[in-house]
Amino acid sequence: MTQPSGTLDSQLQHQQEVASGNRFEFGENWSKFLAVLNDERIGWAEHSLRNMLETEDLRGKTFLDIGSGSGLFSLAARRLGARVHSFDYDPRSVACTMELRRRYFPGDPDWTIEQGSVLDPGYLNRLGRFDVVYSWGVLHHTGAMWQALENVAPLVADGGKLFLAIYNDQGPISQRWRFIKRTYNRLPGPLRFTVVAPVLVHLYWRRTLKDLLRLRPFETWRAEGKGRGMSAWRDLIDWVGGYPFEVAKPEAIFDFYRKKGFTLTRLYTDGGSLGCNEFVFCKPAAR
């Protein structure tokens with residue numbers, strides 16, 4: 001892994017934010033997800049990229065994964081033929097991504113991995129521009145979402161695509177979830193189950209009861225997250241702990257990038273619920 005200048009400062013800042021209860025350790029969560037990663041989950045991730053980007057493969061394309069997390073979608077993009085650059089603010093997420101490269105593409109020069117922050121203009125300016133800029137469920141966890149949304153726009157090459165997922169704004173409901181997430185992160189580790197358990201019941205009791213009545217026990221739980229190759233439990237912990245936490249209505253994201261000349265080509269909304277709205281924007285080709 002190349003060490004960009006400022007990496008040690010970023011690591012220290014990350015540690016301080018976690019210690020103060022102002023940041024969830026996403027990387028610790030995703031390192032546990034790697035234990036259940038298999039070819040089927042990787043295949044789901046590849047399908048997600050092909051579906052939203054409306055392409056069969058990414059051969060000849062460059063792919064920037066902002067907030068690579070477990071590294072799953074960097075891996076999927078690489079398997080689809082892209083030259084990939086991955087970065088994440090969380091050191092353990094960087095380690096997860098490096099582990100996937102070690103497993104599947106050892107020593108591959110077409111997959112580079114770094115620690116970096118999407119809020120660091122100096123770091124971003126050194127990256128160049130990419131045919132696909134991908135950041136799924138990341139920018140709303142930076143603590144400065146609108147600045148992050150601003151910062152990613154110049155990274156898209158002319159004629160390239162920007163694939164984002166941002167939590168849906170539910171007004172007071174989102175405010176309550178922010179309180180829950182902040183509480184989780186400020187509790188000592190052994191007490192965090194007191195937040196996770198009620199959320200698990202709240203989110204799943206109706207669906208679990210319905211599955212039992214249909215004689216298909218835990219079918220919903222097993223299917224949860226499959227569209228993106230994730231596991232239901234790791235997704236739950238990511239949701240409960242995911243802090244900082246910001247949200248936006250889909251029209252706000254659309255207007256933000258329309259004013260920058262981007263065209264919305266794909267949109268998937270979460271039906272007004274607590275999940276992410278997904279957007280694919282296209283940047284005009286140079287004339």
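The values are calculated or read from the model by the stated rules, or taken from the named source; none is laboratory data. Small disclaimer: the values here were computed from a predicted structure and weren't measured. Note that we place each Cβ from the backbone using ideal geometry, even for glycine, and neighbour counts take in every protein chain shown.
General remarks:
- Contacts under 6 angstrom Cβ, first residue in the stretch 26-39 being on the phi < 0 side of the Ramachandran plot, partner charged (D, E, K, R) and surrounded by fewer than 23 Cβ atoms within 10 Å (Cβ to Cβ), 6 or more apart: Gly27/Arg92; Glu28/Arg92; Asn29/Arg234; Asn29/Asp238; Ser31/Arg92; Phe33/Arg234
- Residue count for the stretch 118-149 satisfying the condition of being under 23 Å from Tyr268 (Cβ atoms) and either outside any loop (DSSP other than H, G, I, E, B) or in contact with a helix residue (DSSP H, G or I) (Cβ under 6 Å, 6 or more places away or on another chain) (or both): 16.
Condition check ((1) touching a helix residue (DSSP H, G or I) at 6+ places or on another chain (Cβ under 7 Å); (2) under 30 Å from Asp120 (Cβ atoms); (3) surrounded by fewer than 23 Cβ atoms within 10 Å (Cβ to Cβ)) across all residues:
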site: Glu28; (1), (2), (3): yes, yes, yes
site: Glu40; (1), (2), (3): no, no, yes
site: Lys61; (1), (2), (3): no, yes, yes
site: Asp65; (1), (2), (3): yes, yes, no
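- Residue check for Gly160: part of a strand (DSSP E or B), surrounded by fewer than 23 Cβ atoms within 10 Å (Cβ to Cβ) and of a type in the set (Gly, Ala, Ser): yes
- Filtering the stretch 89-112 to residues that are touching a residue at least 60 places away in the same chain (Cβ under 8 Å), surrounded by fewer than 22 Cβ atoms within 10 Å (Cβ to Cβ) and in contact with a strand residue (DSSP E or B) (Cβ under 7 Å, 6 or more places away or on another chain) leaves Pro91, Met98, Thr112.
- Looking across the stretch 25-61 at every residue that is at pLDDT below 85 and of a type in the set (A, V, I, L, M, F, W, C), the one that is nearest to Phe163 (Cα to Cα) is identified as Trp30.
- Members of the stretch 230-279 that are among the hydrophobic types (A, V, I, L, M, F, W, C), in a strand (DSSP E or B) and within 26 Å of Trp177 (Cα to Cα): Ala248, Leu267, Cys276, Phe279
- Selection count where residues are under 22 Å from Ile237 (Cα atoms) and not β-branched (Val, Ile, Thr), scope the stretch 145-170: 7
- Just one residue in the set Ala197, Ala165, Ala144, Ala157 is free of Cβ contacts under 8 Å to residues at least 24 places away in the same chain and among the small types (Gly, Ala, Ser); that residue is Ala197.
- Some residue of the stretch 168-185 being closer than 30 Å to Pro284 by Cα and in contact with a Gly (Cβ under 9 Å, 6 or more places away or on another chain): yes
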